[in-house]
Amino acid sequence: MAAVARWWRAGLPGLLVLLLRGARAEQTEEHLKREHSLTKPYQGVGSSSSSLWDLMGNAMVTTQYVRLTPDMQSKQGAVWNRVPCYLRDWEMQVHFKIHGQGKKNLNGDGFAIWYTKDRMQPGPVFGSKDHFLGLGVFVDTYPNEEKQQERVFPYISAMVNNGSLTYDHDRDGRPTELGGCTAMVRNLNHDTFLVIRYVKRRLTIMIDIDGKHEWRDCIDMPGVHLPRGYFFGTSSVTGDLSDNHDIISLKLYQLTVERSPEEEKRDKEVFLPIVDNMKLPGVEAPVEPMSGLALFLIVFFSLVALVFAIVIGVIVYNKWQEQSRKRFY
């Protein structure tokens with residue numbers, strides 16, 4: 001009942017949302033974590049030492065939204081949570097708005113939602129640092145790769161980085177993305193939402209952007225391993241093209257999920273972000289160490305082969321000596 005009430009308070013038809021997500025929810029309880037949530041009236045954000053959120057760059061707070069960047073060229077802004085998140089399973093609901101004067105393909109560049117080890121680090125990836133450790137979800141509103149014809153922008157994608165990968169701007173992050181979907185999110189008169197859900201090492205991203213109060217699947221990726229203790233944040237950047245990138249709310253929910261003993265064993269703690277069975281550029285698959293038995297068998301059969309070779313060598317040498325003596329008599 002608490003989950004139903006939450007969706008009604010958010011102005012959404014809660015029963016419809018719960019039915020749509022029920023197949024994935026298993027037996028899940030949800031609890032809003034205020035220390036990781038950003039909501040109106042944004043009291044003290046960016047100005048108070050007691051605030052749980054920091055502003056960076058050109059970001060500004062109003063009574064209705066946190067504006068990451070205004071509709072002006074060469075702006076960069078971000079808002080970051082001060083409290084590291086140690087939740088095992090969670091859901092981040094993002095209420096956002098992207099709007100501006102630019103016509104189609106004459107606007108940019110979009111914004112990113114982060115769950116990373118480092119915070120408040122400006123850089124070239126939607127206003128935040130490259131070679132990050134953690135998860136980045138990108139709402140990209142401008143296509144940089146001119147020759148591609150396969151996808152329509154705006155486009156949402158996700159990337160998990162262990163610190164060694166570069167986000168390829170010229171190719172809109174395609175070499176390292178986990179998946180994505182088209183999302184027409186600019187200059188809409190209704191609310192737009194994005195949900196990032198991380199449960200049992202499964203990353204799911206859904207969007208509600210059509211004004212129908214319905215979630216639509218965007219990304220569903222199993223085998224995603226994210227360490228605990230990272231920070232949530234969101235950032236944006238404009239270049240020659242621009243848009244207003246507004247965050248209306250970030251709401252983080254702790255998800256309490258039942259696990260079997262096998263799932264408990266499988267979901268052990270990790271210290272570097274990784275994705276199972278996914279080959280990414282510059283990332284070599286880890287080589288599993290040999291077991292003690294395997295090492296013993298290798299050494300044992302190597303010694304047997306060596307002894308066998310020595311015996312054969314001695315026999316051949318003796319035969320050769322006998323043949324040599326016969327030639328002299």
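The values are calculated or read from the model by the stated rules, or taken from the named source; none is laboratory data. Just so it is clear, the structure is predicted and the values come from calculations on it, not from any experiment. Cβ atoms come from the backbone with ideal geometry, glycine included; neighbour counts cover every protein chain shown. Quick note on the areas: whole protein, heavy atoms, side chains included, nothing else; ligands and nucleic acids left out. Shrake-Rupley method; radii C 1.70, N 1.55, O 1.52, S 1.80 Å.
What to note about this one:
- If you go through segment 214-233 and keep only what is part of a strand (DSSP E or B), in contact with a Cys (Cβ under 8 Å, 6 or more places away or on another chain) and within 11 Å of G134 (Cβ to Cβ), you end up with Y230, F231, F232.
- Residue ranges of strands (runs of 3 or more DSSP E) in segment 50-105 with at least 2 members on the phi < 0 side of the Ramachandran plot, among the β-branched types (V, I, T) and open to solvent by less than 60 Å² (accessible area, probe 1.4 Å): 66-69, 90-99
- For segment 128-143, the criterion of a residue being assigned to a loop (DSSP other than H, G, I, E, B) and among the aliphatic types (A, V, I, L, M) is satisfied by no position.
- Number of the condition not met by S47 [criteria: (1) farther than 12 Å from S236 by Cβ; (2) touching a residue at least 24 places away in the same chain (Cβ under 8 Å); (3) polar (S, T, N, Q)]: (2)
- In segment 122-139, the residues that are open to solvent by less than 10 Å² (accessible area, probe 1.4 Å) and not hydroxyl-bearing (S, T, Y): V125, F126, G127, F132, G134, L135, G136, V137, F138, V139
- Test result for L178, within 25 Å of N58 (Cα to Cα), aliphatic (A, V, I, L, M) and open to solvent by less than 60 Å² (accessible area, probe 1.4 Å): no
- For segment 234-268, the candidate set comprises residues that are over 30 Å from P70 (Cα atoms) and assigned to a loop (DSSP other than H, G, I, E, B); within that set, the residue that is least open to solvent (accessible area, probe 1.4 Å) is D267.
- Scanning segment 269-281 turns up one or more residues that are surrounded by 14 or more Cβ atoms within 10 Å (Cβ to Cβ), at pLDDT below 75 and not β-branched (V, I, T).
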